[in-house]
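Derivation of every value follows stated rules applied to the coordinates shown; laboratory data play no part. It should be emphasised that the depicted structure is a prediction, and the values quoted were computed from it without experimental measurement. Counting neighbours? That spans all protein chains shown, and the Cβs are built from the backbone with ideal geometry, glycine included.
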């Protein structure tokens, strides 16, 4: 299957949306379940305007969806598979850290010999 320019651009938009630490924190939190905007604001420690802008980027990329209930807005993941990808990334870095630790242990053993 040949990739079109539109396909590539849409995927790039998702990765760009995930490219900010605050947005990444929000997506990870939403992976655990629906959250009110106020919870997300508390999580990232930014003002409401900044949080709203971040959520707009995530929504435009197709990662999240919102649901208005009275005066509150609740967000949930629309692209649920992103949690699997983020888990994969975390496992990769955990394994790298473990590999570095084992390498250091080997170097210490060699130094003692």
**Item:** With Cα atoms, 0 to 90° folded angle of helix 21-30 axis to the chain main axis
**Value:** 80
**Prompt:** Taking the Cβ-Cβ separation of residue 92 and residue 69 as r and a Förster radius of 25 Å, what is the calculated FRET efficiency to the nearest 0.05?
**Reply:** 0.10
**Prompt:** Roughly what angle does helix 48-60 make with the longest principal axis of the chain, taking Cα atoms, 0 to 90 degrees, to the nearest 10?
**Reply:** 80
**Message:** As I understand it, the value is the acute angle between the Cα axis of helix 5-17 and the longest principal axis of the Cα atoms of the chain; what does it come to in degrees, rounded to 10?
**Reply:** 80
**Asked** So, in nm, how far is label residue 111 from label residue 34 when the simple model puts each one 7 Å beyond its Cα toward the Cβ?
**Response** 5.5
**Fill in**
Taking 50, 4 and counting other beta carbon atoms within 10 angstrom, the fewest-first order is 4, 50
